[in-house]
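Okay, so here's the structure we're looking at.
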Amino acid sequence: MAVLAGAEPFAHTGSTEAGFLLCHGFTGTPASMRPWGDHLAEAGYTVRCPLLPGHGTRWQDMNRTGWEDWYGAVREELLALFSTCETVFVAGMSMGGTLTLRLAEEFGDRIAGIVLVNPSVLTLRWDAKLLPVLSRILPSVPGVANDIAKPGETELAYSRTPVRAAASLAKLWKVTRADLGKVIQPVLLLHSAVDHIVEPVNSQVILEGIGSDDVTEVVLENSFHVATQDHDAGLIFTRTVDFARSVRRTGQVDAG
């Protein structure tokens, strides 16, 4: 299937000193990350944001993929960044945050730091327990896109949630939660005060479970779930650059 206009992956070639891998969310596309990526590129960073398998075409395609496919795609991009940049950061929103955590768990201090925006590692929805059964009989349910407070903003994402893919996301949550203690990098966690998609308990579980000593938490007071397209987008972008610069300065001091 052809990729939807605007859903294409993107990359910016900047400094070989530092780069960012950006990971988009479940049923979403790189479009939600592009303003973030542009800001990082303007700050001089090399940036890569892949389109996850099954995304950006039609929702039926997602049901033919699973979390291993999505993780494999961001992992491949990370390895490419390792080969071109001395220092590498990973950032993600929603499920992109889950994938970011999983990469941090696998690669340890090869990743200099991570940035999480409304990351997910669980859901309190009662019907989530039925996903393994529902995935065999129900192709899709209404989508979760466009949780944005800012008028006029639209998320480029599927209007339906593929149930089989959602069941695979639940498996990713489980393996990621089990290894949170392996996350030892500096962490910048930004989460919305009001999020209609990812419950606040997600950030609490992450903060309590990770092994990082350097953790900064920022509450986004004026945005809903898709915060990179919402009122607090500028805050996310500037705090990300400040975070990366701080981590690099600290690393240079430690190395010296």
Going through the stretch 172-210 one residue at a time, which ones are open to solvent by 70 Å² or more (accessible area, probe 1.4 Å), in a loop (DSSP other than H, G, I, E, B) and within 22 Å of Phe89 (Cβ to Cβ)? Ile184
Looking at Thr161, Thr123, Thr154, can you tell me which residue is out of contact with any Leu (no Cβ under 8 Å at 6 or more places or on another chain) and part of a strand (DSSP E or B)? Thr161
Considering only residues that are in contact (Cβ under 8 Å) with a residue 40 or more places away in the chain, more than 12 Å from Gly96 (Cβ to Cβ), in contact with a helix residue (DSSP H, G or I) (Cβ under 8 Å, 6 or more places away or on another chain) and crowded, with 22+ Cβ neighbours inside 10 Å, which ones fall in the stretch 21-54? Leu40, Tyr45, Gly54
For residues in the stretch 6-17 being within 19 Å of the chain's Cα centre (by Cα) and open to solvent by less than 40 Å² (accessible area, probe 1.4 Å), which is farthest from Ala31 (Cα to Cα)? Phe10
Quick check on my filter: what residues within the stretch 40-63 are farther than 19 Å from Val90 by Cβ and of a type in the set (A, V, I, L, M)? Met62
May I ask you to list the residues in the stretch 83-114 that are open to solvent by 10 Å² or more (accessible area, probe 1.4 Å), touching a helix residue (DSSP H, G or I) at 6+ places or on another chain (Cβ under 9 Å) and within 20 Å of Thr46 (Cβ to Cβ)? Thr87, Phe107, Arg110, Ala112
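The values are calculated or read from the model by the stated rules, or taken from the named source; none is laboratory data. Small disclaimer: the values here were computed from a predicted structure and weren't measured. Here Cβ is always computed from backbone atoms with ideal geometry, including for glycine, and neighbour counts include all displayed protein chains. Protein only, heavy atoms only, side chains kept; ligands, DNA and RNA dropped before computing areas. Shrake-Rupley method; radii C 1.70, N 1.55, O 1.52, S 1.80 Å.
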